[in-house]
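No value in this document is a laboratory result; all are computed from the given coordinates. Note that the structure is predicted; figures quoted are calculated from it, not measured. So basically every Cβ, Gly included, is an ideal-geometry build from the backbone, and we count neighbours across all protein chains shown.
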Amino acid sequence: MTEILLIRHGVTEWNTNRVFRGRADIPLSDVGLAQARALAALLAPKALDAVYTSPLARAVRTAAILAADHGLQPVVAEGLIDISYGEWEGRAEATVQAEYPGCYAAWQRDPRLVRPPGGESLAQVSLRAVGVVRELCAARPTGRLVLVSHRVVCKLLLCAAIGLQENAFWRLRQDTCCLNVIDWQPANAVVRLMNDTCHLAGLPPDVADF
């Protein structure tokens, strides 16, 4: 069994302003840095075998802060990269809602049926993300691994672990810099902790899972 500490990166200004991020490579905000440091303090007493991260800067910086106390260097896992939102990237949620009303409404209703123009579907994201987790766990079948990724990826990995379809996407919440714990086994997985943000007490509240 591999224990996975699945973590969403810290907050960015685009989260706060409700702008679709996707593959746009934007940094953590000051609050995001504080979130990462708070989570690092929580994880400091734990033994970690490796830290893997999405290649995007907001995830890499979060991972580096988490790895520092353990003498580890984060390893980039390309399959953990955020969903490609295509034409939605860099646009505010309200703008997307106005310019793509049908597609946006479908995204809110049943996102598994939607592929943002020029972007990825949830099924595509799930396939690559679950694939990389299986590879990492096969290489370290008894380790404790930190995986730093993004809202969409984290939700889909949790759906896969629980045995839910992608249409359960909106039924799971993933706040910035939250902690999830999954016991990942070849035949099945057990989610032991989901969307834990107790370590963020005293910091500004999240922006409603965006």
Task: With Cα atoms, 0 to 90° folded angle of helix 122-139 axis to the chain main axis - done: 10
Open item on the list: Neighbour counts of other C-beta atoms within 10 Å: give me THR62, THR12, THR176, THR95 arranged from fewest to most.
Closed with: THR95, THR12, THR176, THR62
Open item on the list: Charges at C-beta only: +1 for Lys and Arg, -1 for Asp and Glu. How large is the resulting dipole of the chain about its Cα centre, in Debye rounded to 20?
Closed with: 260
Task: segment 144-201-segment 74-121 distance, computed between alpha-carbon centres (Å) - done: 19
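Using Cβ counts within 10 Å as a stand-in for footprinting exposure, how do GLU78, GLU3 rank, fewest first? Let's see the in-between values first.
Working: GLU78 9, GLU3 19.
With the fewest neighbours first, GLU78, GLU3 line up as GLU78, GLU3.
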Task: Percent of beta bridges antiparallel (DSSP, the chain, rounded to nearest 5) - done: 50
Open item on the list: Students often get this wrong, so try it: which of (1) 51, 36, 27; (2) 94, 43, 24; (3) 48, 39, 25 is Cα extents along the principal axes in Å as calculated from the structure shown?
Closed with: (3)
Open item on the list: For a Förster distance of 22 Å, can you work out the FRET efficiency between the beta-carbons of ALA57 and ALA208, rounded to the nearest 0.05?
Closed with: 0.40
Task: With Cα atoms, 0 to 90° folded angle of helix 30-43 axis to the chain main axis - done: 30
Open item on the list: If I fit a long axis through the Cα atoms of helix 57-68 and take the longest principal axis of the Cα atoms of the chain, what angle between them do I get, 0 to 90°, rounded to 10?
Closed with: 10
- [ ] May I ask which residue of GLY79, LEU164, VAL51 lies farthest towards the positive end of the charge dipole of the chain, with charges of +1 (Lys, Arg) and -1 (Asp, Glu) on Cβ and the Cα centre as origin?
- [x] LEU164
- [ ] Quick one: what are the phi-derived ³J(HN,Hα) couplings along segment 178-189, Karplus 6.51/-1.76/1.60 with θ = phi - 60°, whole Hz, x for glycine and proline?
- [x] 7, 10, 10, 10, 10, 8, 9, 10, x, 8, 7, 9
Task: Cut-off under 5 Å, modelled amide H: who pairs with MET194 long-range - done: VAL181
